[in-house]
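Each reported figure results from applying straightforward, stated rules to the coordinates on display, with no laboratory input. Predicted, not measured: the structure shown is a model, and the values here were computed from it. Here the Cβ positions follow ideal geometry from the backbone for every residue, glycine too, while neighbour counts run over all protein chains shown.
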């Protein structure tokens, strides 16, 4: 996670919320600006909250069996004149992974 100057943002709170169940898993970014969330399969919304930065929300992150999603976030600084928030939708393809997985339903 970085700011507009490509400087690492540390100690940001990063919750991932399952859109259907409300299950939430939260991590804090490391000194390298990284975070790692292990969550069950499903569709998630990722939220980012960091002091002096605008909140960031990304929706539609679909995770299936054996899938890894990489979400790089660049947060914006907040000015004293007002708050800013940003939203984004997840890409449909995870180009950073070569893992193949399958979704197993009750009929399989």
- line: Note on region 13-89, DSSP bridge orientation, antiparallel percent to nearest 5 equals 75
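Can you order the peptides 44-57, 5-18 by their average number of other Cβ atoms within 10 Å per residue, highest first?
Final packing ranking: 44-57, 5-18.
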- prompt: At a Förster distance of 22 Å, what's the computed FRET efficiency of residue 66 paired with residue 26, Cβ-Cβ distance as r, to 0.05?
  reply: 0.45
message: On the Cα set of region 1-54, report Rg and Dmax in Å, please.
response: 12.0, 36
field: Cα coordinate range in region 13-89, projected on the principal axes (Å, largest first)
entry: 43, 27, 17
